[in-house]
Structure formats: structure tokens, C-alpha cells
Amino acid sequence: MAGSLKAPSPPRWLLAELTYACPLQCPYCSNPLDYANFSDELNTEEWKRVLKQSRDMGAVQLGFSGGEPLVRKDLVELVDYSHELGYYTNLITSGYNMDEAKIIELKEAGLDHIQISLQASSQELNDFIAGAESFEHKKVVAKLIKKHGYPMVLCVVLHRQNIHQMKDILEMAIELGADFVELANTQYYGWAHHNRDQLMPTQEQLNTAEAIANEYQESQKGKMKIYYVVPDFFEGRPKACMNGWGTTFLTIAPDGLALPCHSARQLPNFDCPSVRDHSISEIWNESKAFNYFRGDDWMKEPCRSCPDKDKDFGGCHCQAFLLTGDAANADPVCNLSPQHHLVTDAIDQAAATSSEKPLVFRNSKNSKTF
Amino acid sequence: MSLVTDQALHLVPGYRLQWEKAQDMFVLLYPEGLIELNQSSAEILQVCDGANKLADIVQTLETKFETTGLENDIINFLNIALENGWITQSA
Ligand code: SF4
Ligand code: SF4
């Protein structure tokens with residue numbers, strides 16, 4: 001097997017994707033296009049086993065996500081159990097089905113933090129992108145989250161259709177009392193990859209957005225932390241793969257598939273293992289999928305002889321697969337990649353796409369067509 | 001924010017200091033974040049309990065480790081921790 005001989009470092013982060021069900025329909029969702037095929041969710045006892053085994057190995061940060069984790073009836077029970085195990089528990093939610101009673105119940109169960117996502121700073125655009133009337137309710141929920149003493153991250157995914165609202169988004173974050181703001185440019189996996197032509201911003205939009213982010217980072221210093229995630233397509237160098245493949249992060253999909261990253265399900269011939277068949281330690285230490293990109297034996301040129309290979313690990317393997325068909329190629333976002341033109345072509349193609357071209361929304365009906 | 005010597009120090013709400021057996025170290029946990037701490041940083045953060053001021057922290061640690069002259073290192077670390085938003089001060 002490729003990879004080093006020494007035992008891998010233990011997982012520190014566990015992402016528990018409790019369900020693919022979601023009342024919203026964001027067209028940039030990173031869930032797989034064919035998520036509707038994986039409806040056989042882990043039950044409460046199976047999740048508890050995953051939580052316990054991962055904690056025993058060293059995982060300490062825990063994200064409950066989805067889909068929409070609030071859809072799960074056993075969410076409070078799982079939070080309670082995780083808290084008891086000593087996890088720092090994060091709920092990553094759209095806020096759609098949240099109410100004050102639930103916020104209190106989760107607090108009592110030991111939930112440490114809530115990340116709430118909004119789609120835009122105006123009702124019209126928020127509700128259009130989310131595919132459901134949700135803007136006013138989300139703002140109420142954000143205020144309740146603060147009222148009950150949680151630290152709050154406000155997350156907005158940026159793309160061509162909302163990035164012009166940057167200033168208003170940041171003003172809204174201040175008004176809602178966010179402690180952290182995550183302004184994440186869309187990453188093109190899953191549904192976002194499918195809708196890339198309609199979502200990719202222009203260089204000009206990005207320049208403006210970045211200047212606004214910098215301005216607010218300065219003026220909000222000590223009050224609200226602002227993370228502005230630059231889009232790798234425009235950077236010339238890839239972002240590092242998850243702190244190194246199989247070194248830190250462990251994702252468990254709703255049906256129990258264990259993934260080195262949330263979009264690894266689509267990689268062919270990876271045989272991602274299921275927690276229904278294996279323990280977390282077997283999965284982490286021994287499985288083909290988790291060992292695949294450990295170390296650098298797997299690397300090809302230009303990465304193999306590149307001085308930056310320990311910095312970005314060749315970039316994103318899922319992106320390399322999506323764009324070049326081979327996950328072991330250099331991430332074509334890198335301008336040293338012989339296939340970098342795929343990225344510049346994608347930018348040109350998106351720029352030439354008419355604003356009339358409709359987005360494909362993430363819902364079960366559309367999912368079943370993939 | 002820089003260090004005010006006559007105010008008590010404590011972790012910012014939402015931050016948690018925790019001993020991790022699997023890694024044999026203290027970690028600082030916060031929303032979607034994790035910092036692995038070396039021993040001296042962990043010792044200092046443990047006594048940022050909302051009652052101790054700078055002088056108390058220095059004295060507690062110098063007593064605990066039967067040494068003197070820690071003040072400068074402690075001030076340096078506290079300033080970093082304040083700048084990063086891990087700890088805060090109250091009168
Ligand atoms: S050639 Fe490979 S290792 Fe070097 S910067 Fe590009 S992606 Fe990273
Ligand atoms: S391969 Fe890409 S999507 Fe997967 S973990 Fe690495 S960076 Fe993330």
C-alpha cells in the first residue's frame with residue numbers, strides 16, 4: 001500500500017453527516033448529486049458506536065451536519081451522548097426547522113456551538129437560492145442562538161448571484177451578533193460542480209469582494225472574526241487537501257460510509273469502507289481509502305518533484321478527479337499542472353454563460369435523475 | 001487588546017481547555033477549531049480562571065514550578081492569547 005510505514009496520526013475531527021434530508025435546495029450543495037440513492041441512514045445505536053470509537057481514537061471536534069441535522073429525531077440524544085464523551089460539539093444548520101425550545105434543549109444537552117447559514121442578505125435572493133421561504137425565520141433563529149449564550153458562526157456561501165451583497169451580508173452579521181463570519185466562495189463539488197457555469201463569479205466581482213472583506217476584518221478586529229475563503233480557481237495554487245489526507249479529518253456519511261473527506265464518495269475504485277462492516281480504527285488505520293493518499297508515494301509529476309508538495313499535498317484529489325478523471329493528478333487549479341487550462345477554460349466558459357441559464361436545485365426529484 | 005495588569009483573565013466564552021489522553025496534551029477548543037498547546041501555554045491558560053490577575057498568575061506558576069523570572073514569558077504569551085481572542089479581561 002502507498003504511504004508511510006509509521007502509524008497514521010489519529011483523527012481529531014469527526015464530521016457526522018446525520019442525514020441527506022434537507023428542507024432547502026441550495027444549488028451549490030456539496031452533497032453527492034445522487035444522494036437520493038443513499039437513504040438507508042445509520043440508526044441511533046450505530047451513531048453512538050461511531051461517536052464512541054472515534055472519540056477513543058482521539059477525535060475531539062465534532063460537527064453534526066447533513067443535509068439538515070435538525071431533521072433527525074435523535075439529534076438531542078446524540079448531542080447529549082457526545083458531550084458526555086468529551087467532544088466539542090458543533091451543529092451546522094440552515095436554521096430552517098429550529099425554534100427556541102429546541103435551542104434550549106440542545107443547550108441543556110451540552111451543545112457548544114451553532115453555525116447557521118444564510119444564502120444572501122435580502123429576503124428575495126435568500127429565498128430564491130434556498131428554494132424555500134426562510135430568510136426572516138433564519139434571522140429570528142440567529143438572534144435566539146445569541147440570546148441563549150451560544151457562540152455563533154454565520155456562514156454564507158458566495159457565488160456570482162450573491163457576492164455583490166458582501167457589504168450588506170457583513171452588516172447583517174454585525175446586526176445579528178455573529179462571533180465569526182465565514183464567507184466561503186463556492187467549491188465546485190457535488191451540485192456546485194453541476195451548476196458551475198451559473199455560480200462562478202468574475203474576477204472583477206472577486207476583487208471587490210476581497211477588498212470589502214479586508215476592510216471589515218480591520219474594522220471588526222476584536223469583535224467579530226471574519227474568514228474570507230478565497231476561491232482556488234482564481235488562485236493559481238491549490239488549497240491543501242484537508243491538512244493531509246487521512247491525517248486529521250474523518251467524515252461519516254448518513255448511510256455509514258467512512259470518507260477521508262466529504263466528497264470522496266464519488267472517487268471510483270476507492271472502496272470507501274462502511275462503519276456497518278468495520279470499526280473506526282480498522283477504517284482509519286487499515287482501509288485502502290484512508291491509506292490511498294497518505295505520504296507522497298502516490299504522487300506523479302509535477303507534484304513529485306515540487307518543493308510545495310508538503311504544503312498542499314498536490315491539492316484537492318476530488319477536484320483532480322472531477323476535472324481530469326484521475327484523482328492522483330495534480331489539482332488542475334495549480335498553474336504548474338499540465339491540465340491547468342481546464343480551470344481557465346471553465347472560468348471563460350462561465351463568464352460566457354447567459355444569466356438566463358437556470359440553476360438545477362438540490363432536491364430528491366432532481367437527484368433521482370443522476 | 002493588550003494586557004491590563006489589574007484585571008482578571010479568563011477564557012472567552014465558547015472556548016474550552018481540555019486534556020486529551022489520546023494525544024497526551026492539552027488542547028484549546030472553540031467553534032470549529034482546535035489548537036494543540038505546549039505545556040507552558042497550557043499551564044498559563046489553566047490559571048486564567050476569571051479571578052487571577054497577571055501578578056497572581058506569575059506567582060502561582062513560580063510557586064508551582066519552584067522557580068522565578070517567569071513574568072516576561074507569561075506576559076508574552078498572554079498578549080498572544082489576547083490578540084488571538086482566546087482570553088479576555090474583566091475588572
Ligand atoms: S505542482 Fe503539485 S505540489 Fe506543486 S504546487 Fe502544484 S499541486 Fe502543489
Ligand atoms: S480531496 Fe478535495 S474535497 Fe477531498 S479532502 Fe482533499 S481537499 Fe477536500
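Key figures for this structure:
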item	result
Kirkwood Rh, Cα atoms: Rg over Rh of region A:107-183	0.98
Cα-based radius of gyration of chain B once divided by 2.2 N^0.38 Å, which approximates compact folds	1.04
Net +/- balance of residues flanking A:SER281 in space, Cβ distance below 14 Å, scoring K and R +1, D and E -1	-1
Efficiency of FRET between A:GLU218 and B:GLN23 - r from beta-carbon atoms, R0 25 angstrom, step 0.05	0.10
Over region A:23-106, equivalent-ellipsoid semi-axes from the Cα gyration tensor in Å	22, 17, 12
Accessible surface, 1.4 Å probe, highest first, among residues A:SER121, A:SER219	A:SER219, A:SER121
Label-point separation, A:ASN285 to A:LYS357 (7 Å along Cα→Cβ), nm	4.9 nm
Sparse-neighbour loop sites [GluC sites (Glu not before Pro); chain B; at most 12 other C-beta within 10 Å; DSSP]	B:GLU66
Cα-based convex hull volume of chain A per residue, rounded to whole Å³	137 Å³
Region A:327-370: proportion of alpha-carbon pairs further apart than 13 angstrom, %	68 percent
Longest segment of chain A lacking GluC sites (Glu not before Pro) that sit in a DSSP loop with at most 12 other Cβ atoms within 10 Å	A:134-355
Histogram of C-alpha separations across region A:235-302, 5 Å bin width, %	3, 16, 27, 26, 14, 7, 4, 2, 0
Relative contact order of chain A, pairs being alpha-carbon contacts under 8 Å that are 6 or more residues apart, as %	22 percent
5 angstrom amide H check on B:ILE87, placed H, neighbours 5+ away	B:VAL12, B:LEU82
Where only alpha carbons of region A:52-190 are counted, the Rg and the Dmax (Å)	15.4, 46
Low-density loop positions, trypsin sites (Lys or Arg not before Pro), region A:66-155 - DSSP coil, at most 13 other Cβ in 10 Å	A:LYS73
Computed E for A:ASP34/A:ALA211 - FRET, C-beta separation, R0 41 angstrom, nearest 0.05	0.55
Nearest-10 value in Å² for the accessible area of A:THR324, using the 1.4 Å probe	30 Å²
Principal axis dimensions, largest first and in whole angstrom, of region A:199-320 by Cα	50, 36, 29
Where labels lie 7 Å past Cα in the beta-carbon direction, separation of A:GLU175 and A:LYS102 in nm	2.4 nm
Region A:283-370, Rg to Rh (Cα coordinates; Rh as Kirkwood inverse mean 1/r)	1.10
Solvent-accessible area per residue for region A:293-333 (1.4 angstrom probe, square angstrom)	40 Å²
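The values are calculated or read from the model by the stated rules, or taken from the named source; none is laboratory data. Fair warning: this is a prediction, and the values are worked out from it, not measured in the lab. With ideal geometry, Cβ positions are generated from the backbone for all residues, glycine too; neighbour counts draw on all protein chains shown. To get the accessible areas, we keep the full protein, side chains included, count just its heavy atoms, and leave off ligands, DNA and RNA. Shrake-Rupley method; radii C 1.70, N 1.55, O 1.52, S 1.80 Å.
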